[in-house]
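One structure is given below, encoded as structure tokens.
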Amino acid sequence: MRVLRILLVVLAGLALTACSSKFKTYNGPEITSVQVQKANRKMYLLHNSKVIKAYEIGLGGVPTGPKEYEGDGKTPEGIYYITHRNPDSRYHLSLGISYPNNEDRAHAALLGKPPGGDIMIHGGPPRKANGKPRKVSSPDWTAGCIAVTDEEIERIYAMINPGTPIVILP
């Protein structure tokens, strides 16, 4: 009887761990592209021309205009693609974006500045040392990335594969 009780407790713990995993699965239509509309603070996941899911987003701290160089606080504008998934991101989970491209590098060089990089779609800010969430003072709080909630990035991470095009519009 005691062994059965221990086994049930262990199985229940494993079931709870599986339910809280940040790695979700997605079995819907393939996401063939992502569209970001900076002015509307919206991101759309599309299968061909059909919107599968829409999200409200946060942007860089200087949300108007295209990213020009490292540290300008702007989110890029243009056509990029998802480069990779980062399960160990400081921001819960993240998806890399192929910024900078050759045009971005050339523009930054004309300004005499580095183009920057490490632009991602990611969850909320890193948690405090005590595990509590950090508060952000503005919806546009990133250094140039596209931010969603931790719960949303879990779904997005499962839905988007590396190589998926992302169009970032003004």
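Residues K74, K135: which one is modelled with pLDDT under 95 and of a type outside the set (A, V, I, L, M, F, W, C)? Walk me through it before giving the result.
Values: K74 fails: modelled with pLDDT under 95.
Residue meeting the stated conditions: K135.
Counting just the residues of the stretch 99-117 that are touching a residue at least 24 places away in the same chain (Cβ under 8 Å) and small (G, A, S), which one comes out farthest from P76 (Cα to Cα)? Let's see the steps before the verdict.
In the first step, residues of the stretch 99-117 are kept if they are touching a residue at least 24 places away in the same chain (Cβ under 8 Å); the result is 99-100, 103-104, 107-108, 111, 113-117.
Then keep just the ones that are small (G, A, S); that gives 108, 116-117.
Working: A108: 12, G116: 10, G117: 10 Å.
Per the stated criteria, the residue is A108.
Does K42 satisfy being in contact with an Asp or Glu (Cβ under 7 Å, 6 or more places away or on another chain) and modelled with pLDDT under 95?
Details: in contact with an Asp or Glu (Cβ under 7 Å, 6 or more places away or on another chain): yes; modelled with pLDDT under 95: no.
So K42 fails the test.
Out of (1) modelled with pLDDT of 90 or more; (2) touching an Asp or Glu at 6+ places or on another chain (Cβ under 9 Å); (3) part of a loop (DSSP other than H, G, I, E, B), the odd one out for I168 is which?
So the condition that I168 fails would be (3).
Given the residues Y91, Y81, Y69, which is the only one that is without any contact (Cβ under 8 Å) to a residue 60 or more places away in the chain and touching a Gly at 6+ places or on another chain (Cβ under 8 Å)?
Of Y91, Y81, Y69, the one residue that is without any contact (Cβ under 8 Å) to a residue 60 or more places away in the chain and touching a Gly at 6+ places or on another chain (Cβ under 8 Å) is Y69.
The values are calculated or read from the model by the stated rules, or taken from the named source; none is laboratory data. Just so it is clear, the model here is predicted, and its values are computed rather than measured. All Cβ positions, glycine included, derive from the backbone under ideal geometry; neighbour counts span all protein chains shown.
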